[in-house]
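Sharing a structure below in structure tokens format, with a few things to ask.
The values are calculated or read from the model by the stated rules, or taken from the named source; none is laboratory data. Just so you know, these numbers come straight off a predicted model, no measurement behind them. Glycine also receives a Cβ, built like all others from the backbone with ideal geometry; neighbour counts cover every protein chain displayed. Protein only, heavy atoms only, side chains kept; ligands, DNA and RNA dropped before computing areas. Shrake-Rupley method; radii C 1.70, N 1.55, O 1.52, S 1.80 Å.
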Amino acid sequence: MLMKPLHRLIRLTRLMPIFALGAMVGTGTSALAQADEGQTPSPLSYFTVQAAGQGAWRSQDAKVEALRDAALSAQVAGAITSVRVRAGEHVKAGQELLRIDSRMASQGAAASAAQVAAAQAQLAVASKEYERQQQLFAKRYISQAALDNAKAQWQASQAQVRALQAQAGVASTQSGLHTITAPFAGVVASVPATQGDMAMPGGKPLVQMYDPSALRITAALSQAQAQQLQAGVPVQVELPDVLPQRLEIAPEQVQILPTADPLAHTVPVRVLLPTDLPQRLTPGMFARLWWQGQAQIAEVLIPQSAVIRRAELV
């Protein structure tokens, strides 16, 4: 049963063009059956194979970051007297977030202001005395030395006023450091401090906040992968549980930092996200960076319908 179709198959393949051999795999059974019955074989269908030169999409885990975030710490020592915000609140630029005990600083500022007032009074007396000495010197009633002495006292009073005013400015600035305000409009990420805690300069952050209007993702790629991105290949961003599909990102929004991790030998890559994303997207969330790799070897693709499976053979 098998030998009879075999010699007809050999004879038939000698008459067929070589480019139709692949298509015969799908129609060989019917052609042999028609040849056995002495009927004219039906025309063979064919499919033109093509080489796929387009590179496959590759991906790497990433995380969401904020372009502007701040960890606000105390610049002066003191006990925290009030906390005005909670995590998750939207704040405006310059809004008061918390306050540190400023009684000592306020007393110092008041003392400096009083010293300035006293110095200004002495300056007024020295100024009038200098004017009188000038009038007396014009009438030849006093010597040049007396006039120079009055002028020196007047100049010294002026310098003392300026010095005390500078000290008063320092005291006033010191008093203002006891109030922590928002440097920009954003969202309060966390408030680790509570009322009664002791704030110290250079200590733990008291308030952490970020700007939700400007976000990005950061991924660590290998050096070869980073070189592919430098060629301007298409880039997509996947945000699971936030967006149902990937975001198309222009190559201009991709930044490859000129540094590399000496241990992992990876290059940081930042991708700027659009500003119209859902508000539930926050820093620290999981993301995935997709890019189209360069094709190294062309693959030949054939339709699945042209493949015949016999048991475990294809």
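Excluding ligands and nucleic acids, what accessible area in Å² is computed for Ser127 using a 1.4 Å probe, to the nearest 10?
40 Å²
Moving on. When Lys and Arg each count +1 and Asp and Glu each count -1, what net charge do the other residues less than 15 Å away from Ala185, Cβ to Cβ, add up to?
Local net charge: -2.
What are the extents of the Cα atoms of region 91-241 along their three principal axes, listed from largest to smallest and rounded to whole Å?
So the extents along the principal axes, rounded to whole Å, are 93, 47, 24.
I would also like to ask the following. Using protein chains only and a probe of 1.4 angstrom, how many square angstrom of Tyr210 are accessible, to the nearest 10?
The value for Tyr210 is about 30 Å².
Could you let me know the centre-to-centre spacing of region 252-280 and region 84-110, using Cα atoms, in angstrom?
Each part's Cα centre sits 35 Å from the other's.
On a 1.4 Å probe surface of the protein chains, which of Arg132, Arg103 comes out largest in accessible area, and what is the full order?
Largest to smallest exposure gives the sequence Arg103, Arg132.
What relative contact order, as a whole-number percentage, does region 205-314 give when Cα pairs under 8 Å and 6 or more residues apart are counted?
33 percent
Shifting gears a bit: How many nm separate the modelled label positions at Asp241 and Tyr141, each set 7 Å beyond the Cα in the direction of the Cβ?
Reported label-point gap for Asp241 and Tyr141 is 9.1 nm.
Another question about this same structure. Tally Lys/Arg at +1 and Asp/Glu at -1 over every other residue whose Cβ is under 14 Å from the Cβ of Gln245; what's the total?
Net of charged neighbours comes to -1.
May I ask you to derive the FRET efficiency for Phe184 and Asp276 from their Cβ-Cβ distance with R0 = 22 Å, giving the value to the nearest 0.05?
0.65
If you add up the charges near Val269, with Lys and Arg at +1 and Asp and Glu at -1, over every other residue whose beta carbon is less than 15 angstrom from its beta carbon, what do you get?
Net charge around Val269: 0.
Using the beta-carbon distance between Asp261 and Gln158 and R0 = 45 Å, what value does 1/(1 + (r/R0)^6) give for FRET efficiency, to the nearest 0.05?
The pair Asp261/Gln158 has a calculated efficiency of 0.15.
Short version: ³J(HN,Hα) in whole Hz for each residue of region 274-283, in order, from phi by Karplus 6.51 cos²θ - 1.76 cosθ + 1.60 (θ = phi - 60°), x for Gly and Pro, what are they?
x, 8, 9, 7, x, 6, 6, 7, 10, x
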